[in-house]
1. Which of the helices (runs of 4 or more DSSP H) contained wholly in the stretch 33-112 include at least 2 residues that are more than 21 Å from residue 234 (Cα to Cα)?
2. Can you tell me which residue among 198, 231 is aromatic (Phe, Trp, Tyr) and either closer than 23 Å to residue 139 by Cα or modelled with pLDDT of 70 or more (or both)?
3. Might you let me know whether the stretch 237-259 holds any residue that is at pLDDT below 80, surrounded by fewer than 16 Cβ atoms within 10 Å (Cβ to Cβ), among the aliphatic types (A, V, I, L, M) and within 28 Å of residue 127 (Cα to Cα)?
4. Here is a list of conditions, (1) surrounded by 20 or more Cβ atoms within 10 Å (Cβ to Cβ); (2) under 19 Å from residue 311 (Cβ atoms), and residue 130 meets all of them except one; can you say which number that is?
5. Output the qualifying pairs, or none if there are none: Cβ atoms under 7 angstrom, residues six or more apart or on different chains, first residue in the stretch 289-309 and modelled with pLDDT under 90, second residue among the basic types (Lys, Arg).
Amino acid sequence: MLTAISYKTKQFLLVLIKLSLVVAAFYFIYSKLFQNGDLSFGEFIQNLIKFSSISSMTVLILLFLSLFNWFLEIQKWQTLVSAVMRISFIEAKSQSLGALTASLLTPNRIGDYGAKAMYFQSHLRKKIMFLNLLGNSAQMAMTTIFGSVGFIYFVLRFEPELNYSGIIIWLAVIVTTSLLLIWTLKAKWLSKQTKIFYKLIDFMKCISIKITLKVLLYSLFRYLIFSFQFYYLLFLFGVDMSYLEAMVAISSMYLLTSIIPSIFIFDVVIKGGVAIYLFGLIGVSESIILSIVTCMWILNFVLPSVIGSYHVLRFKLPETVS
């Protein structure tokens, strides 16, 4: 009897958590779209009508780019998980989109790690979280490589006013944090955690070169796709600039926004602020840039989150191994 009650309570709490996540995600999306102090939803629609040349065909192209972007992300996740077990594309889609919705309210999407791990049995969860870290690191590597080159060119070309003292302080914080992390890993009271860390390193060595190369290629193609989508929106809004000039600003924007901690739902605000500054130096108006950033946010995060809410509601804890 107690077991039955415990099971029913567990199921009730799971349903309550799933409903809470979905309701919270929809509320924050609504508030960001309709209660945005920088760009109201009405102004956004007016800008689309007034400044852009968006038609039914261009909407289909934009949706295709978003679908292709998430197709690559799902393929990347399926490839990563194959290091420990085989899952279907449908399962990878459910896990990727469901985790996106569940992590919507967490800083820098940190909740994505725990959300994806919950789809697997407990003895695999540490490895799954580590694989997720590798996938995110591969994507961050592409952002850093393209962004560094683009940012250096941008600084030399447009000579923006930079807070060099702030940059030095930021670099000092990173170096100090890294040194403290190294010291912590060597501390005796964290010997158990250190052993786990080295086990994960050994696990990483077991990941095949084929999987690693595929993950890097998926990350590269994803970066090229959503960067081109931003450029295509600039073109639709009548912004006259070369592809190279646009990509320099776009890659710089993604680099700067990727290193700023944020709650994922407010990612559009941060990208908007950075984009306004960078593209403002080129001569693009604030309203157009905010509209483009909002379009990117809706296409690549809001729509997948809405689909992901369905997978959150259908989520079931994995069966334990007897």
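The values are calculated or read from the model by the stated rules, or taken from the named source; none is laboratory data. The structure displayed is predicted, hence computed values, not measured ones. When we count neighbours, we look across all protein chains shown, and the Cβ atoms used for this are built from the backbone with ideal geometry, even at glycine.
1. 56-81, 89-102
2. When all the criteria are applied, what remains is 231.
3. Among the residues of the stretch 237-259, at least one is at pLDDT below 80, surrounded by fewer than 16 Cβ atoms within 10 Å (Cβ to Cβ), among the aliphatic types (A, V, I, L, M) and within 28 Å of residue 127 (Cα to Cα), which makes the answer yes.
4. All conditions pass for residue 130, except number (2).
5. Pairs that qualify, where the first residue is modelled with pLDDT under 90 and the partner is among the basic types (Lys, Arg), are 293/271.
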